[in-house]
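Chemist: Structure below; questions to follow.
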């Protein structure tokens with residue numbers, strides 16, 4: 001029969017006073033910022049106070065045990081995962097109890113195939129936070145021996161300190177993530193504000209150049225800024241994620257429905273637009289609606305508007321086809337000069353989506369047709 005080693009015996013064991021080791025460990029754990037930092041501190045302290053030949057730090061990972069780190073006279077299981085129900089560390093965590101095994105070959109809970117290649121003959125496995133275990137600390141000896149009550153008690157003290165350290169690491173990670181997210185949101189807000197201000201400046205400049213009078217400038221400028229505001233309102237409701245094309249169309253046409261009522265029809269499949277594409281589409285539709293209300297199909301009784309979109313095929317579509325078709329209004333002729341609104345209609349959303357837009361001045365009614373390839377800016381549900 002193998003004899004148990006004398007207390008303190010074993011390669012690399014620090015014989016300093018255990019209380020001092022525990023104090024040093026707690027100080028080091030207070031500065032730990034990652035779970036790897038915690039494991040490194042704990043494995044060293046646990047091996048010192050238990051006089052073990054090896055120590056492992058095991059994390060609970062769902063239904064598995066993950067051997068995150070080790071400090072031992074020979075290789076154990078660092079970096080490997082085992083089912084909780086097939087591992088002694090899993091038994092300790094599932095039962096919330098410290099388990100002492102003086103002779104591994106005499107205990108049926110030990111998976112001997114995993115232990116035979118190692119130096120281990122005796123062990124103590126201590127769960128971290130027994131009420132709701134998140135980890136375990138294993139101490140191993142190369143000879144059969146019964147760990148003393150004092151050694152087991154010190155390992156349990158280390159486990160309690162480890163539970164606090166893990167909670168601190170999780171809180172630190174959560175705080176860091178919150179700060180990082182806050183900084184990201186601030187950068188995103190700055191970016192959006194600059195883009196919005198640039199858009200307002202461009203709208204003001206272009207509207208002023210094309211306005212025949214101050215009154216015309218005020219009317220056009222206010223209308224366009226209102227459209228931009230409604231587009232942002234829609235995106236804010238959706239946390240600035242993808243906006244449904246039907247929602248964008250509805251939001252853009254809402255101010256004109258009081259005049260046109262049931263003379264406007266809208267149809268098309270569910271599609272999502274990125275925030276930038278949604279704003280461009282909203283502004284384009286606003287310009288078309290203003291023109292239809294002043295000069296086109298919605299300016300007289302009997303005129304109607306059909307807004308529809310589709311994908312070029314159902315199974316493997318590659319392109320969006322969007323059309324605005326007016327009918328029943330005054331005869332349409334091509335204007336002698338194109339204003340800011342016309343250029344915005346033909347190039348704004350088309351450029352944003354990487355497609356092509358075209359205004360067709362059909363005598364029966366103005367048409368706008370847009371073709372754009374499916375991309376990251378146009379998504380299917």
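The values are calculated or read from the model by the stated rules, or taken from the named source; none is laboratory data. In this text, all values refer to a predicted model and were calculated from it rather than measured experimentally. Note that each Cβ is placed from the backbone with ideal geometry, even for glycine, and that neighbours are counted across all protein chains shown.
Chemist: Take the stretch 262-271 and flag every residue that is surrounded by 17 or more Cβ atoms within 10 Å (Cβ to Cβ) and farther than 10 Å from residue 248 by Cβ. Show your work before the answer.
Modeler: Applying the first criterion (surrounded by 17 or more Cβ atoms within 10 Å (Cβ to Cβ)) to the stretch 262-271 yields 263-264, 268, 271.
Matches in the stretch 262-271: 263, 264, 268.
Chemist: From the list 100, 85, 120, 152, which residue is more than 18 Å from residue 32 (Cβ to Cβ) and in a loop (DSSP other than H, G, I, E, B)?
Modeler: Values: 100 fails: in a loop (DSSP other than H, G, I, E, B); 85 fails: in a loop (DSSP other than H, G, I, E, B); 152 fails: in a loop (DSSP other than H, G, I, E, B).
Going through 100, 85, 120, 152 in turn, just one is more than 18 Å from residue 32 (Cβ to Cβ) and in a loop (DSSP other than H, G, I, E, B): 120.
Chemist: Does the stretch 280-302 hold any residues that are part of a helix (DSSP H, G or I) and without any contact (Cβ under 8 Å) to a residue 24 or more places away in the chain, and which are they? Please lay out each step first, then the result.
Modeler: From the stretch 280-302, those part of a helix (DSSP H, G or I) are 280-294, 297-299; that's our starting set.
Passing the criteria: only 294.
Chemist: For residue 335, indicate whether it is part of a loop (DSSP other than H, G, I, E, B) and under 24 Å from residue 243 (Cβ atoms). Step through it out loud before you land on a result.
Modeler: On the way: part of a loop (DSSP other than H, G, I, E, B): yes; under 24 Å from residue 243 (Cβ atoms): no.
No.
Chemist: Here are some residues: 52, 39, 45, 32. Which one is under 23 Å from residue 147 (Cβ atoms) and assigned to a loop (DSSP other than H, G, I, E, B)? Working first, answer last.
Modeler: Details: 39 fails: assigned to a loop (DSSP other than H, G, I, E, B); 45 fails: assigned to a loop (DSSP other than H, G, I, E, B); 32 fails: under 23 Å from residue 147 (Cβ atoms).
When all the criteria are applied, what remains is 52.
Chemist: Within the group 174, 178, which residue is in a helix (DSSP H, G or I), over 16 Å from residue 45 (Cβ atoms) and modelled with pLDDT of 70 or more? Step through it out loud before you land on a result.
Modeler: Values: 178 fails: modelled with pLDDT of 70 or more.
None of the other options fit; the residue is 174.
Chemist: Look at the stretch 313-337 and say how many of its residues are under 28 Å from residue 216 (Cα atoms) and touching a helix residue (DSSP H, G or I) at 6+ places or on another chain (Cβ under 8 Å).
Modeler: Filtering the stretch 313-337 down to residues under 28 Å from residue 216 (Cα atoms) leaves 324-337.
Going one step further and asking which of them are touching a helix residue (DSSP H, G or I) at 6+ places or on another chain (Cβ under 8 Å), we end up with 324, 326-330, 335.
Total meeting the criteria: 7.
Chemist: A further question follows. Would you call residue 185 closer than 30 Å to residue 275 by Cβ, surrounded by fewer than 19 Cβ atoms within 10 Å (Cβ to Cβ) and either out of contact with any helix residue (DSSP H, G or I) (no Cβ under 6 Å at 6 or more places or on another chain) or at pLDDT 95 or above (or both)?
Modeler: Values: closer than 30 Å to residue 275 by Cβ: yes; surrounded by fewer than 19 Cβ atoms within 10 Å (Cβ to Cβ): yes; either out of contact with any helix residue (DSSP H, G or I) (no Cβ under 6 Å at 6 or more places or on another chain) or at pLDDT 95 or above (or both): yes.
It is true that residue 185 is closer than 30 Å to residue 275 by Cβ, surrounded by fewer than 19 Cβ atoms within 10 Å (Cβ to Cβ) and either out of contact with any helix residue (DSSP H, G or I) (no Cβ under 6 Å at 6 or more places or on another chain) or at pLDDT 95 or above (or both).
Chemist: While we're looking at this one, here's another question. Assuming residue 205 fulfils every condition listed in (1) surrounded by fewer than 19 Cβ atoms within 10 Å (Cβ to Cβ); (2) under 30 Å from residue 317 (Cβ atoms) apart from one, which condition is it?
Modeler: The number of the failed condition is (2).
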